[in-house]
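Below: the structure, in structure tokens.
Quick note: the coordinates plus some simple rules give every number you see, no bench work behind them. As the structure is a computational prediction, the values presented were derived from the model and not from experiment. Counting neighbours? That spans all protein chains shown, and the Cβs are built from the backbone with ideal geometry, glycine included.
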Amino acid sequence: MKQPARKPQPLWTVPKLWPDGECFILGGGPSLAQVDIERLRGSRVIAVNNAYQLADWIDVLFYGDCRWLSSHERRLQYFPGLKVTVCPSHVHKPFVRVVERRNSPQGLQPQPHRLAWNLSSGACAVNLAVHFGVRRIILLGYDMRKIDGNNNWHTTHPTAGIPKHDPYTRFLRPWPFIARDAKQMGVEIINATPGSALGEFPIVDPQEIYP
């Protein structure tokens with residue numbers, strides 16, 4: 001018997017889960033492999049894409065590439081944290097919260113029912129953190145460059161559709177607008193990724209920001 005189609009869930013409005021707080025965002029850069037994630041236990045943490053695999057106590061998983069879910073859907077059934085995306089086709093997935101995606105303007109959307117895409121999941125996740133109400137965001141694994149020929153801290157991304165050219169010139173484009181809007185909103189952003197090509201925020205060693 002054919003299974004009935006799942007009823008789509010309504011788009012999500014992001015609540016202020018962490019008002020006036022601090023959170024860490026785990027990006028996908030190669031340097032994340034050197035970060036002592038366990039030292040973040042007890043802090044508010046958003047994992048971008050595969051970074052959710054680093055600890056089962058991570059608060060939030062965020063992904064923006066709709067293809068990414070196909071390789072992780074079964075495992076995510078057991079991930080206890082909140083799962084958020086901007087993929088409109090995933091409204092039929094009952095375990096995922098879907099927020100409206102805005103491709104423009106770049107920067108930070110002030111309305112909690114929208115997220116600015118900003119050309120990458122890592123940049124979009126900053127807007128999610130702002131909607132959660134935090135006043136301080138600390139970026140980890142935001143290298144925005146290759147290290148020893150690697151784009152990521154892992155090697156499990158599907159290769160189909162990945163550009164052979166360097167994507168970082170494009171990925172870096174929205175960050176001046178994110179920095180501008182964050183300043184206007186009173187949100188401090190720190191990049192705890194030494195050697196990062198992302199220069200809009202103070203760059204510090206992770207040892208300086210561990211709780």
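For ARG44, nonlocal amide neighbours, meaning residues 5 or more places apart or on other chains whose placed amide H falls under 5 Å from its own, are PHE24. Please find, in a Gaussian network model of the chain (springs between Cα atoms separated by less than 10 Å), the residue of ALA125, ALA179, ALA116 whose mean-square fluctuation is greatest. Looking only at ALA125, ALA179, ALA116, the largest GNM fluctuation is found for ALA179. Each stretch of four or more DSSP H residues adds -39500 (n - 2.57); spread over every residue of the chain, this sum gives -3500 deg cm²/dmol at 222 nm. Across every pair of non-identical alpha carbons in the range 56-110, the mean reciprocal distance, once inverted, gives a Kirkwood radius of 12.2 Å. Computed 3J(HN,Hα) for the range 45-52, one whole-Hz value per residue from the Karplus formula 6.51 cos²θ - 1.76 cosθ + 1.60 where θ = phi - 60°, is 9, 10, 9, 9, 6, 5, 4, 4, glycine and proline marked x. Lys/Arg Cβ at +1, Asp/Glu Cβ at -1, dipole of the chain taken about the Cα centre: which of GLY28, TYR210, VAL60 is farthest positive-ward? Ranked along the dipole, the leading option is VAL60.
About the centre of its Cα atoms, the chain shows a dipole size close to 1000 debye [charges on the beta carbon of Lys, Arg (+1) and Asp, Glu (-1) only; nearest 20 debye]. Answer rounded, prolate or oblate for the chain, using the Cα gyration tensor with square roots of eigenvalues a ≥ b ≥ c: rounded when a/c is under 1.5, else prolate when a/b is larger than b/c, else oblate. Verdict is rounded for the chain. If you run the Gaussian network model on the chain, springs between alpha carbon atoms under 10 Å, then out of THR13, THR193, THR169 the most flexible one is THR169. Loop-located trypsin sites (Lys or Arg not before Pro) across the range 41-114 with a Cβ neighbour count of 12 or fewer within 10 Å are ARG41, with loop assigned by DSSP.
Taking the Kirkwood radius as Rh and the Cα radius of gyration as Rg, the range 37-154 has a ratio of Rg/Rh equal to 0.94. Expressed as a fraction of 2.2 N^0.38 Å, the C-alpha radius of gyration for the range 1-84 is 1.27.
Each Lys and Arg Cβ is given +1 and each Asp and Glu Cβ -1; about its Cα centre, the range 32-103 then shows a dipole of about 200 debye. With 21 Å as the limit on Cα-Cα distance, the pairs of LYS16/LYS183; LYS83/LYS183; LYS16/LYS93; LYS16/LYS83 that go past it are LYS83/LYS183; LYS16/LYS93. Free of any chymotrypsin sites (Phe, Trp or Tyr not before Pro) that DSSP assigns to a loop and that have at most 15 other C-beta atoms within 10 Å, the longest stretch within the chain is 96-211. Would you work out which of THR169, VAL96, PRO194 lies farthest towards the positive end of the dipole of the chain, given +1 charges on the beta-carbon of Lys and Arg and -1 on that of Asp and Glu, about the Cα centre? Towards the positive end, the residue furthest out is VAL96.
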